[in-house]
Amino acid sequence: MTGHYKPIEQALERAASAEPLLVALDFDGTLAPLVDVPDDARMTKAARAAVEALASAPETTLALVSGRGLANLREVSAADPRWWLIGSHGVELEGPADGGVVRVPTADPMERQAVWDAFVAIADAFPGAWVETKPWGAALHTRSLPAAQEDDIRHRARAAAASFGDALTTRLGHGIIECSLQSQNKGDGIEALRELLHPETTLFIGDDLTDEDAQAVLGPGDVGIRCGEGESVAPYFLADVDAVADFLASLAARRSG
């Protein structure tokens with residue numbers, strides 16, 4: 001891909017030489033292909049092998065960063081106990097080894113139920129749309145709808161979110177609109193993890209609008225990579241999930257060399 005992106009070899013060189021290195025990776029669309037049913041998402045075999053190899057490499061920490069709730073992310077990723085997990089767009093942070101929770105705030109159950117009910121009422125009017133309930137809000141899935149209907153349902157979802165005032169944070173993604181009772185984003189999650197680990201370099205790869213929050217907190221010594229087409233502040237680009245797996249495998253080989 002042309003444009004402002006730099007040669008990916010420069011990203012590999014920078015990440016391979018960092019000591020220590022934090023490798024933070026989005027899950028859906030980056031390690032796992034996008035699917036209509038989120039619970040069916042799984043890493044490709046190549047991606048799985050690459051992240052496991054990275055977790056075994058010297059001076060290397062592996063983290064998954066997702067909009068999924070922590071429990072769901074742990075399940076669909078079949079999380080290795082060596083990995084850090086950042087769930088719910090940076091709200092939840094879990095350390096490795098036996099699932100030791102570092103930070104999991106609480107949400108008011110009545111407020112959360114009100115958000116769930118509002119989104120379910122909207123989805124019921126659009127066959128094919130459905131609601132994924134999350135610890136901090138709800139995600140309205142619209143991928144199977146025609147474009148005209150998707151515009152309409154997103155308008156209604158925004159109106160419903162506005163009725164909660166400043167209590168909700170709204171995010172758009174691939175075939176999804178989410179509302180959360182927490183305002184943290186993936187960048188906040190990465191910042192919290194870096195405060196604990198103090199890496200020399202952070203590598204982040206993501207494919208969606210919500211991943212731009214993570215790209216934005218990276219500094220000049222870090223490595224930000226966009227997976228797939230779309231505007232990004234990341235200086236590097238990989239075409240798809242398979243290209244990400246190949247890149248991570250090369251990085252693991254260099255760091256274990």
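Here are the numbers:
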read-out: Strands (runs of 3 or more DSSP E) fully within the stretch 72-113 counting 1 or more residues that are at pLDDT 90 or above and of a type in the set (Gly, Ala, Ser); value: 84-87
read-out: Every pair of residues 6+ apart whose Cβ atoms lie under 7 Å, when the first sits in the stretch 36-49 and is free of Cβ contacts under 8 Å to residues at least 60 places away in the same chain while the second is surrounded by fewer than 16 Cβ atoms within 10 Å (Cβ to Cβ); value: 41/35
read-out: Residue check for residue 173: small (Gly, Ala, Ser), more than 24 Å from residue 38 (Cβ to Cβ), at pLDDT below 90 and not assigned by TED's automatic domain parsing to the domain that holds residue 21; value: no
read-out: Enumeration of residues in the stretch 11-54 that are in a helix (DSSP H, G or I), under 28 Å from residue 139 (Cβ atoms) and aliphatic (A, V, I, L, M); value: 46, 47, 50, 51
read-out: Flag for residue 70 being touching a residue at least 12 places away in the same chain (Cβ under 8 Å), outside the structural domain of residue 160 (by TED's automatic domain parsing), crowded, with 21+ Cβ neighbours inside 10 Å and under 22 Å from residue 224 (Cα atoms); value: no
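Here's the yes/no breakdown for (1) crowded, with 18+ Cβ neighbours inside 10 Å; (2) outside the structural domain of residue 129 (by TED's automatic domain parsing); (3) touching an Asp or Glu at 6+ places or on another chain (Cβ under 6 Å); (4) under 19 Å from residue 241 (Cβ atoms):
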| position | (1), (2), (3), (4) |
| --- | --- |
| 14 | no, yes, no, no |
| 17 | no, yes, no, no |
| 23 | yes, yes, no, yes |
| 28 | yes, yes, no, yes |
| 35 | no, yes, no, yes |
| 45 | no, yes, no, yes |
| 53 | yes, yes, no, yes |
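The values are calculated or read from the model by the stated rules, or taken from the named source; none is laboratory data. Note that this is a predicted model, so its numbers are computed, not measured. Methodologically, a virtual Cβ is constructed for each residue, glycine included, from the backbone with ideal geometry; neighbour enumeration extends over all protein chains shown.
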